[in-house]
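Undergrad: Pasting a structure here, questions to come.
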Amino acid sequence: MKRLAILTSGGDCSGMNATIRAAARTALANNIEMIGFRKGYAGLLKNDFIILNSQAVSGTLQRGGTFLQSARSAEFRTEEGRRTALDNLLKDDVDGLIVLGGDGSLNGALELDRMGFPVIGIPASIDNDIAYTDMALGVDTALNNIIYAVDCIKDTASSHDRAFIVEVMGRNSGYLASTAAIATGAEFAIVPEVELDLGEMCHQLRQRYDEGRTNALIIMAEGAGHAQDVAEGIKNAIGFETRVTVLGHYQRGGAPSVFDRLLGSRFGMKSVELLLSGTRGVMVGLSANSLTTTLLEMVANGGQKKLNDDLLHMAEILGI
Ligand code: F6P
């Protein structure tokens, strides 16, 4: 092997730069050149890349986002688009490709591998909904961002005797909401996986206020419904003033946590080592703090990772 390539696809997350840097430096240590396609598969289709020498990745480890930039490419989803991508990889003399991204991006990686091109996938999505890895890249930093914001909101909730609903990301996944609820001591977590019983939640809120509690905190995943509607519901049912804060894309950015710097570095290094050893068509993952590999085919067939019931149970018990 003489030349490898890397790209970041789909929604960005913190830790992507640490991964790119580690992959580039591991390749260089093995006398292999690393190139980076800009803006994910869109850049691959335009053959838009930069050479990632040691200097190019210097100073990137501690930066959030992805300096290669990212995008969601509709064209790459077509057979013709993927054919162009493969042609460009062959034209550029690339021997293997590393793809960072969520489920859609990893499916794209599988398609390329099926066409005969060696690909390694790296799970990167703050939703933590990718199967076969305990943690995806960016999740820990997003959670740290969330708890910082929620702690601030809790202060003002307590000053004003208010209930707050904080909406976090997670179109289909309640991982961030349930984990953040535990870590912030919230009363309730509302997740897309479980239908909300508004009446029961209001009943329990009322009980807590009757017992002397003066404020309440609810963490709600964006995919679980409209936070404003829930706030209105609470107001109508029990008369509490309830405010909504939507954290939005704030959650995805910022300097990566120690965990994400290490995870990204481990994922990046391992991906290059796998390609060098002739392994392909797999996703690297984390299980019991050890790195794992799973066939991209299995990742694609496994569907979305199921939310661990223990998390919800814990959030419920500790929120009482
Ligand atoms: O999949 C990651 C994610 O951050 C989701 O939690 C969120 O719903 C989505 O991306 C937002 O995507 P975009 O940045 O394209 O609006």
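The values are calculated or read from the model by the stated rules, or taken from the named source; none is laboratory data. No experiment lies behind these values; they were computed from the predicted model shown. Please note: Cβ atoms are built from the backbone with ideal geometry, for glycine as well, and neighbour counts cover all protein chains shown. Side chains are part of the model used for accessible areas, which takes the heavy atoms of the whole protein and leaves out ligands, DNA and RNA. Shrake-Rupley method; radii C 1.70, N 1.55, O 1.52, S 1.80 Å.
Undergrad: Among what's in the stretch 199-224 and is within 16 Å of the ligand (Cβ to nearest atom) and in contact with a strand residue (DSSP E or B) (Cβ under 7 Å, 6 or more places away or on another chain), pick the residue that is most open to solvent (accessible area, probe 1.4 Å).
TA: Among them, the one singled out is Glu222.
Undergrad: Additional query: Select from the stretch 52-91 the residues that are touching a strand residue (DSSP E or B) at 6+ places or on another chain (Cβ under 7 Å) and among the acidic types (Asp, Glu) and list them in ascending order.
TA: Correct list: empty.
Undergrad: Same structure, new question: Among the numbered criteria (1) touching a helix residue (DSSP H, G or I) at 6+ places or on another chain (Cβ under 8 Å); (2) under 20 Å from Pro256 (Cβ atoms); (3) open to solvent by 50 Å² or more (accessible area, probe 1.4 Å); (4) not aliphatic (A, V, I, L, M), which single criterion is violated by Asn144?
TA: Answer for Asn144: the failing condition is (1).
Undergrad: Can you list the strands (runs of 3 or more DSSP E) lying wholly within the stretch 1-105 that have 2 or more residues being within 16 Å of the ligand (Cβ to nearest atom) and modelled with pLDDT of 95 or more?
TA: 96-101
Undergrad: Tally the residues that are under 26 Å from Gly212 (Cα atoms) and modelled with pLDDT of 95 or more, restricting the search to the stretch 156-178.
TA: 6
Undergrad: A further question follows. Any idea how many residues of the stretch 129-171 are within 13 Å of the ligand (Cβ to nearest atom) and over 12 Å from the mean Cα position of the chain (by Cα)?
TA: Looking only at that region, the number is 4.
Undergrad: Kindly check whether there is at least one residue in the stretch 263-281 that is touching a helix residue (DSSP H, G or I) at 6+ places or on another chain (Cβ under 8 Å) and without any contact (Cβ under 8 Å) to a residue 24 or more places away in the chain.
TA: No, because not a single residue in the stretch 263-281 is touching a helix residue (DSSP H, G or I) at 6+ places or on another chain (Cβ under 8 Å) and without any contact (Cβ under 8 Å) to a residue 24 or more places away in the chain.
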